[in-house]
Structures are given as C-alpha cells and as structure tokens.
Amino acid sequence: MVCRGLMLALHREGHIELPPAKWRAARLPPRHVAKPVVEISTTPLTCDLAALGDLRLQQVRRTPDEALVEQLIEQHHYLGYARPVGEHLKYLVRAGEQPIACFCWSSAPRHLGPRDRHIGWSPAVRKANIRFVAYQTRFLILPWVHVPHLASHLLARMSRQLSADWEAVYAHPIYFTETFVDPQRFQGTCYRAANWVDLGLTTGRGKDAPTKAPTRPLKRLFGIPLVKDFRGRLGAS
C-alpha cells in the first residue's frame, strides 16, 4: 500500500505515467437509517419565538431518540445523514412534545488553516489539543417550522450546553466549536446573530488532497469559543 501510494503521488505530480486503471472498487451503498419508532406531526408551526414556550435541547446519543434524529436529518437536511467518525453527540430540540430541530456534533477536522490561525496553534499544539474542539456537522430546523430568530436562539443555547454534555459522555470538555457554511446556499446569518465568528474560506482541497488545487467547493468556516480563555486552554502561544 505504501508503494502504491508513492507511485500514485508521483503520477499526479507528473514524474511518471501510470497505465489506466483496469478495475475500480464499487461504491458502498448508503447506510440504512432505521425508521423512527415515533410518528411526529408535520403541521406547519408559524409563530414568534416567545410563543413556543419552553424549549428542550436533549442530548440523544445512546438513547431511543437517536434513531429519530438520524431519520429526520436523512429525510429533511439537504446533505442527508452521514455516519459520524470519532466522538460525537446528537440533539433533538422539542417545543413541548413536538420535535422542531436537530443538531449533530463530531470530532473536529485535524487541520483547518483559518481555525488554526485564529486560535494561534502550531502543528504540534494542534495535535495535542484538537480533542477539545468540536465540529457541528448538521443543523436542521424542520421545514414546517417557521419561527423568526429560532436558529440563532438555539445556537446560543447550544454554546452554553455543549461542553458539559461532551464531558458527561467523553470525560473531557470542549473549548471551541466550528462549522462549515456553503456560501452558494447560505449567508451564515443565524451564526453571525449568535456571535459566531467568520474565520474565512477553506481551500477546497480536503484533508487528503494530492495537490494544492481545489477539488471541491469552498466553504465558509464559522467558529465560536465556549470559554473566555479558550486560547490558553487550547495551548496557543
């Protein structure tokens, strides 16, 4: 595998020319997401934020409601549901007994230039402290819910709750969280309203890109510290 990887890298750089591939592995089918055991109302919900009453942000990882979150994201998020890698949490937001929104968080990408510069990380310090950063992989407000300012309100609530929930499951806190926003689809307005910081654009190369040329759409990176002294706790110089 090491030799094959080296030869492929030399081919991509133009130093050698490999013959065309004779066989390609078939793509695995998408993971089946189990149907939720609870049917939910899809009646349009249109009101102001105060009229929703008490909102519950429930961490559902390793609970019966985890399947419901997966199904709602698979059905209603434009990216669908993807199996998380590493540490991760999932949330179901309810107004009374009615589900209205979902969140997913996972371990942070190992290297993001805008984030690393914002924190002040060197490669070695980043490697030692990356576990204290979480990545928001999905945020969904169900399409029949139309409540002004709900998105920024939930983001602010999550900023106060996420670290304690993470520590309860994985025995360590979170000091910073981040997410990608597709600028072709969204402006990131709710993140800005919740005091998330626009850290800049990604390079579009992905984590294992063979060259410095973009291979995927550029995303805007937003982040927010969960504690005031986040740089010190993350080991920044």
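Structure data summary
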{"item": "Only listed residue being hydrophobic (A, V, I, L, M, F, W, C), over 17 Å from residue 62 (Cβ atoms) and within 18 Å of the chain's Cα centre (by Cα), chosen from 181, 145, 125", "result": "181"}
{"item": "Filter result (surrounded by fewer than 18 Cβ atoms within 10 Å (Cβ to Cβ) and in contact with a helix residue (DSSP H, G or I) (Cβ under 9 Å, 6 or more places away or on another chain)) within segment 182-204", "result": "189, 192, 193, 195, 197, 198, 200, 201, 203"}
{"item": "Filter result for the condition that a residue is of a type in the set (Lys, Arg) and within 30 Å of residue 41 (Cα to Cα), over 138, 117", "result": "138"}
{"item": "Some residue of segment 158-166 being part of a helix (DSSP H, G or I), aromatic (Phe, Trp, Tyr) and under 20 Å from residue 109 (Cβ atoms)", "result": "yes"}
{"item": "Selection count where residues are out of contact with any Pro (no Cβ under 8 Å at 6 or more places or on another chain), within 17 Å of residue 92 (Cα to Cα) and surrounded by 14 or more Cβ atoms within 10 Å (Cβ to Cβ), scope segment 126-144", "result": "5"}
{"item": "Those residues of segment 215-236 which are modelled with pLDDT of 95 or more, part of a loop (DSSP other than H, G, I, E, B) and crowded, with 16+ Cβ neighbours inside 10 Å, in sequence order", "result": "226, 234"}
{"item": "Members of segment 76-91 that are within 11 Å of the chain's Cα centre (by Cα), assigned to a strand (DSSP E or B) and not charged (D, E, K, R)", "result": "88, 89"}
{"item": "Residue count, segment 109-125 (criterion: crowded, with 21+ Cβ neighbours inside 10 Å and at pLDDT 95 or above)", "result": "3"}
{"item": "Selection from segment 112-140 of residues that are part of a helix (DSSP H, G or I) and β-branched (Val, Ile, Thr)", "result": "119, 125, 130"}
{"item": "Number of the condition not met by residue 185 [criteria: (1) among the charged types (D, E, K, R); (2) at pLDDT below 95; (3) part of a helix (DSSP H, G or I)]", "result": "(3)"}
{"item": "Hits in segment 75-107 - residues which are surrounded by fewer than 19 Cβ atoms within 10 Å (Cβ to Cβ), of a type in the set (Ser, Thr, Tyr) and in contact (Cβ under 8 Å) with a residue 40 or more places away in the chain", "result": "78"}
{"item": "Matching residues in segment 188-205 - criterion: being within 28 Å of residue 146 (Cβ to Cβ) and outside any loop (DSSP other than H, G, I, E, B)", "result": "189, 190, 191, 192, 193, 197, 198"}
{"item": "Verdict on residue 36 being at pLDDT below 85, touching a helix residue (DSSP H, G or I) at 6+ places or on another chain (Cβ under 9 Å) and crowded, with 16+ Cβ neighbours inside 10 Å", "result": "yes"}
{"item": "Close pairs from segment 7-24: first exposed (fewer than 10 other Cβ atoms within 10 Å of the Cβ), partner at pLDDT below 75, Cβ under 8 Å, at least 6 apart", "result": "17/11"}
{"item": "Extreme residue, surrounded by the most Cβ atoms within 10 Å (Cβ to Cβ), among residues of segment 152-179 that are within 11 Å of residue 222 (Cβ to Cβ) and in contact with a strand residue (DSSP E or B) (Cβ under 6 Å, 6 or more places away or on another chain)", "result": "177"}
{"item": "One residue from 207, 212 being at pLDDT below 65 and either surrounded by 16 or more Cβ atoms within 10 Å (Cβ to Cβ) or under 20 Å from the mean Cα position of the chain (by Cα) (or both)", "result": "207"}
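The values are calculated or read from the model by the stated rules, or taken from the named source; none is laboratory data. Just so you know, these numbers come straight off a predicted model, no measurement behind them. Counting neighbours? That spans all protein chains shown, and the Cβs are built from the backbone with ideal geometry, glycine included.
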